Amino acid sequence: MRNIMNLMMILCILVVLDYPFTANAIHEILGLFVVLLFIIHNALSRHWYTAIGKGKMNLLRILSTITNVLLLVMMLLVTVTGVLISQTVFSAFPLSQKLWVHQLHALSAYLGFILSAIHLGFRWNALWGGISRRLRIDCMNFRYIILSRIALLLIIGYGIYASFTRHIGSKLLFQHGFNDWNTTPSLVGFVFDHMAIMGCYAAITYLLTQMLQKQNHRHLPCLSHPCQK
């Protein structure tokens, strides 16, 4: 059930980013739904907050903690700025319509999107481990290993390509207008490309965590082999 909720949140994030397709009303309503799912996700993960500062803080845990804190900050920023520039849900309130608030909203949304992908990469073994056991997938099977490696390379390759075609870097540096995301809005194409971008960042994060784990000869529970119980 929790994985289904997380999948819903990811899909909603991908759709809500496509502002030219959804238009303002749907964008705001879906945005509020994402915030609600994010709050529920954090409530279910409240044990993480109580564990901060406890136990041994190695490099992987430090990086994961920084990512989570930054993601929380970005979600707070995108929520507050979203309320301030609202034209539908909170239109009855005379709030800010300044350009810098719009820019901060768009910037925090995309930074939150990237941080969500990195967060997913840190948690990939734990997530896929549960899914593979439920689906009874033999992760040690040679054919599975080869196919998964090929899929990983394809996701990273297309994700990098989509990052350039969707002007991710330019948007983060305000070198590409946020109002010109798509000249011909296509929800399917937009979601597919941004899913690949998210998969790319998640895959790179996953590979880096594996490299750090091997280098330090440490075996963290969340970074163990996906099939390991």
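With respect to Ser163, is the statement that it is small (Gly, Ala, Ser), modelled with pLDDT of 85 or more and closer than 24 Å to Ile62 by Cβ true? When the stated conditions are applied, Ser163 does not pass them. Applying the condition of being of a type in the set (Phe, Trp, Tyr) and modelled with pLDDT of 90 or more to the stretch 5-59 and asking which residue is surrounded by the fewest Cβ atoms within 10 Å (Cβ to Cβ) yields Phe33.
The single residue among Ile29, Ile13, Ile62 that is part of a helix (DSSP H, G or I), farther than 30 Å from Leu212 by Cα and under 21 Å from the mean Cα position of the chain (by Cα) turns out to be Ile29. Taken over the stretch 5-26, residues that are at positive phi and of a type in the set (Ser, Thr, Tyr) amount to 0. Looking only at residues that are farther than 23 Å from Ala162 by Cα, over 22 Å from the mean Cα position of the chain (by Cα) and modelled with pLDDT of 50 or more in the stretch 172-226, which one is surrounded by the most Cβ atoms within 10 Å (Cβ to Cβ)? The selected residue is Gln213.
Of all residue pairs spaced 6 or more apart or on separate chains, those with beta-carbon atoms under 9 Å, a first member in the stretch 91-119 that is among the basic types (Lys, Arg) and a second member that is crowded, with 17+ Cβ neighbours inside 10 Å are Lys98/Leu84; Lys98/Ile85.
The values are calculated or read from the model by the stated rules, or taken from the named source; none is laboratory data. For clarity, every value in this text was computed on a predicted model and none was experimentally measured. Virtual Cβ from ideal backbone geometry, glycine too; neighbours counted across all protein chains shown.
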